[in-house]
Amino acid sequence: MKNLLLFLLVLVWCGIVNAQSPMLTDKVMDMESMCQKTVMQAILPVEAEVAFTSVIIIETETGKVLANLNLSRSGDEWVEDDDHEVAANHTRLALYLALLESGATPSDRFYSSGLYADESGVFVKDRSRSHGGYGNIRLAEAVTRSDVSLIEACAQQFDLSMGKYAYYFSLTGFRLSKIPKEKKYEDFLTEYEGTAWNPAVVLGYQSKVTPLEMARWIEGVANHGVVKSDSEVLCSINCGSQHIDSLQFVLRDNVLYGTAKKVSSNEIPVSGACLISPENGQGYLTATFLGYTPTYTIVVNVEGNLPVIRSIPVDVARKVVNWIAKHRLGMNNQTNMYEHKRKLPRGVD
């Protein structure tokens, strides 16, 4: 009798799941239209100050793109612009991995005065704080808060050598390409011999990528170093698993207690960062949110004038997360599995 009841319960449960599956599939299919509605509502009050906006959502485990919205303003209209490139704001996160690979630890401390300029005139500013700096802060904090501390960490750790920097940065998979096995550390030193140390290059101030390329990379961080596209492996982040774990912790901690706190959800765990680029050639800046839930990678970019655009990516990301939570997409009672404990990663005091 007990076995019969158990069998009937299983049948009922399977029926419920099967009945819900088309609904969930429809909701996943609605993601791009939801993203467009959300982002247009967010930029409408300041539309004249915005030049480009983008929302990318990827199913992390498979690499399937569920939303790829890229819109440029042309006069009074918004047009699709999938080839548009934005500032590579995720460079800071890749630098964190490169620094750990070179021997730095998350607890290493670096001073931030708030402003930095080298002899060649390269200017770096902590944009998240208008006056002064953060003082002496840990590398794990600097990655999302202080470009000044980050460039000082790079200068020390890479010995002002562009070749040494290029080698360790290549391990991060930033360009979504595989390093030729025959290319060694010494080859990087030879290739960059005589190249002057350039903070603007190191921080990615001169780099541009498509929003989808940016999303692919953070997908790799969420997926423990593996970047996929429709279940096929594109490339890997060739850093130690403990270093990727450390970056994951930094991003989760940043949503709970740091600069991306407004994206936090009581329903599902969110990890991520809010980053802002220096001005581009047209006088615009790029404000970015990039992060992930246990199931989806989310990247929002807005290009335009500060301070107007600063909060838009965060507002959009929060609404996307709330929409995912509302429809319980990919949740399956996972929340407790990903409950965050404020336990410092290896190497953090």
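Results, tabulated for the structure shown:
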item: Segment Thr62-Lys261, length gained on full extension (0.36 nm per residue, minus Cα span); result: 68.9 nm
item: Links that overshoot a 19 Å alpha carbon limit, given the list Lys164/Lys208; Lys228/Lys261; Lys208/Lys261; Lys208/Lys262; Lys37/Lys319; Lys64/Lys326; result: Lys164/Lys208; Lys228/Lys261; Lys208/Lys261; Lys208/Lys262; Lys64/Lys326
item: Cα gyration tensor shape for region 37-97, rounded if a/c is under 1.5, else prolate or oblate; result: prolate
item: Coil-residue chymotrypsin sites (Phe, Trp or Tyr not before Pro) of region 146-222, DSSP, other Cβ within 10 Å capped at 11; result: none
item: Accessible area, probe 1.4 Å, largest first, for residues Leu234, Leu275; result: Leu234, Leu275
item: Solvent exposure ordering (accessible area, 1.4 Å, most first) of Met40, Met214; result: Met40, Met214
item: Heavy atoms of Arg73: accessible area, 1.4 Å probe, square angstrom to 10; result: 80 Å²
item: List Lys37, Lys208, ordered by accessible area with a 1.4 Å probe, largest first; result: Lys37, Lys208
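The values are calculated or read from the model by the stated rules, or taken from the named source; none is laboratory data. Note that the structure is predicted; figures quoted are calculated from it, not measured. Neighbour counts are summed over all protein chains in view; Cβ atoms, including those assigned to glycine, are modelled from backbone coordinates with ideal geometry. Surface accessibility is based on the protein's heavy atoms, side chains included, excluding ligands, DNA and RNA. Shrake-Rupley method; radii C 1.70, N 1.55, O 1.52, S 1.80 Å.
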